[in-house]
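See below for the structure under consideration.
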């Protein structure tokens, strides 16, 4: 199956769901990039382009939602969550309105545009808002299903989508998406690897690589970062006593942060956080950048191997 | 405006001013100046113009009001209490722990509040959203919103202004409470937003300028809307209107009166109310 960017899955989902459900879609002059254009072409009367004015977009979205019409609001992650943070916090978070902020071009895989457009702190700031659900689908199948799930969910959601085409992990014929529920993909006792978004596929490939070297890893697709599926995280942390988190996000405040917050209190466990190590991005091709920041399949495999070594060393 | 209606609305505004002072005094904090300046506008909306009622508070066809200058919550609460959304006595719980009357309007705690506001500029966008939603859903309600003059310094106000005219939101009427004072002083000294009328006109709005304490002028302006364009009514007002020592005084933006000041205010406001003893 060809690689597909999750933003494309989003656009397709909106265009399909528009036939069944009443909702509005908003964008801030990036409808071709975020793929909301697919909905706009089909339902122009329910599509609202706000121009390059993300703060107003979120406020307008809240006003529409306050009348009972759910709204999807899209832009690049940098602007959708960063530029409009306070509007999200006050008009969408505090009000707990049905606004789904679906942000594409998240992380460093925006690529050549560089640091001003590579937002690796979006999960951290969105996660800090009380009552905000934060998700990051792994592939086309999961993203497509997630859009319907968040439409049916009553409350604000931040959904992170990618620019870059990524391999399809899940079979659309059999995969059942469940909001708030992490998805264990492989079973192994040496390490539990939690990943979200585009890193799920890379974590799986690292897992396969390690298997040939006799290291067995559980890979868990953690598409919902908030509220965290605590039961699954605790179960795999207890089983492996060795956790690695892989994410295309700052090591501060994302899934790695969320898992550390949980484990430090309920089950102290060594955690290795792989991500963007508290630095700004640089220009480059998407794939090159992931490698550059240590998020290549080999890089992930090395980090897992080291964590297993440390665990065995600690036992002795 | 016929005399009977005018007197009725002036009485409501006088009652509101009395409740504003009662609320802010009991809270020991809050924003009396900008609440007193907009009391007449809110009295007109809640007791004459708007199609709203506590017994159908969730009616999807009701008119909406968004207090974009959310710090004037005492004025909104006074109007809602007098309208019957909650007991008038509750005004004394303003800003207290566990109270429904939060420092800034909260749509989930206070009956009758259509949108939570407080962070400036944002309510204006939300009002635009409500007006746009009516167009999407084919509903007939009208959306009213009130901005402060200092609030117009927020960039989001102009993003929303552009949005409203672009989408031809002729079901949106905005008031701008031009009381000329903000926390740090005269708006024209802090960051001059004048001329506001020309700015909104340039952004595609129908603009009227009225004496914001003259109910007949307010009514005439509200009813002068034009198809296909949002309507902005710039209301020339006096900050602290109705309490002599608060009028046009910069220090009464966000400060509660102490007891002697409270007693003085009550004396003045009760005297104003007494004029309407015979009025419905």
Output the number of the condition that residue B:178 fails; it satisfies all remaining conditions of (1) crowded, with 20+ Cβ neighbours inside 10 Å; (2) within 25 Å of residue B:62 (Cβ to Cβ).
(2)
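Which residue out of A:61, A:124 is in the same structural domain as residue A:10 (by TED's automatic domain parsing), part of a helix (DSSP H, G or I) and surrounded by fewer than 24 Cβ atoms within 10 Å (Cβ to Cβ)? Quick ask: steps written out before the conclusion?
On the way: A:61 fails: surrounded by fewer than 24 Cβ atoms within 10 Å (Cβ to Cβ).
The unique qualifying residue is A:124.
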Has the range A:54-68 got at least one residue that is closer than 28 Å to residue A:281 by Cβ, more than 12 Å from every other protein chain (Cβ to nearest Cβ) and at pLDDT 95 or above?
no
Since residue A:86 meets every condition but one in (1) within 30 Å of residue B:105 (Cβ to Cβ); (2) more than 10 Å from chain B (Cβ to nearest Cβ); (3) surrounded by fewer than 24 Cβ atoms within 10 Å (Cβ to Cβ), which condition does it not meet?
(2)
Can you tell me which residue within the range A:19-29, out of those that are under 17 Å from residue A:7 (Cα atoms) and buried (at least 21 other Cβ atoms within 10 Å of the Cβ), is farthest from the other protein chains (Cβ to nearest Cβ)?
A:27
Can you tell me which residues in the range A:260-286 are in a helix (DSSP H, G or I), surrounded by fewer than 14 Cβ atoms within 10 Å (Cβ to Cβ) and touching a residue at least 24 places away in the same chain (Cβ under 8 Å)?
A:266
Looking at A:39, A:43, can you tell me which residue is touching a strand residue (DSSP E or B) at 6+ places or on another chain (Cβ under 8 Å), surrounded by fewer than 24 Cβ atoms within 10 Å (Cβ to Cβ) and at pLDDT 95 or above?
A:43
Which condition does residue B:169 not pass, out of (1) in contact with a helix residue (DSSP H, G or I) (Cβ under 7 Å, 6 or more places away or on another chain); (2) within 13 Å of chain A (Cβ to nearest Cβ); (3) part of a helix (DSSP H, G or I), if it passes all the others?
(3)
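Please specify each residue of the range A:208-223 satisfying the condition of being part of a loop (DSSP other than H, G, I, E, B) and in contact with a strand residue (DSSP E or B) (Cβ under 6 Å, 6 or more places away or on another chain). Reasoning before the result, please.
Step one: of the range A:208-223, the residues part of a loop (DSSP other than H, G, I, E, B) are A:212-216, A:222-223.
A:222, A:223 - these are the residues of the range A:208-223 that are part of a loop (DSSP other than H, G, I, E, B) and in contact with a strand residue (DSSP E or B) (Cβ under 6 Å, 6 or more places away or on another chain).
Just one of A:39, A:43, A:72 is within 11 Å of chain B (Cβ to nearest Cβ) and closer than 24 Å to residue B:137 by Cα; which is it? Show your work before the answer.
Details: A:39 fails: within 11 Å of chain B (Cβ to nearest Cβ); A:72 fails: within 11 Å of chain B (Cβ to nearest Cβ).
Of A:39, A:43, A:72, the one residue that is within 11 Å of chain B (Cβ to nearest Cβ) and closer than 24 Å to residue B:137 by Cα is A:43.
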Residue list for the range A:208-228, restricted to those being surrounded by 21 or more Cβ atoms within 10 Å (Cβ to Cβ) and out of contact with any helix residue (DSSP H, G or I) (no Cβ under 8 Å at 6 or more places or on another chain):
A:224
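When the residues of the range B:181-213 are filtered to those that are in a strand (DSSP E or B) and under 18 Å from the mean Cα position of the chain (by Cα), which remaining residue is surrounded by the fewest Cβ atoms within 10 Å (Cβ to Cβ)? Before the answer, list the steps.
Restricting attention to the range B:181-213, the residues satisfying the condition of being in a strand (DSSP E or B) are B:181-182, B:185-186, B:206-211.
Still in the running and under 18 Å from the mean Cα position of the chain (by Cα): B:181-182, B:207-211.
Details: B:181: 25, B:182: 23, B:207: 21, B:208: 20, B:209: 16, B:210: 22, B:211: 14.
Looking at the filtered set, the residue picked out is B:211.
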If residue A:78 passes every condition in (1) more than 14 Å from every other protein chain (Cβ to nearest Cβ); (2) within 20 Å of residue B:128 (Cα to Cα); (3) not in a strand (DSSP E or B) but one, which one does it miss?
(2)
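The values are calculated or read from the model by the stated rules, or taken from the named source; none is laboratory data. Because the structure is a prediction, the values reported are computed rather than measured. Counting neighbours? That spans all protein chains shown, and the Cβs are built from the backbone with ideal geometry, glycine included.
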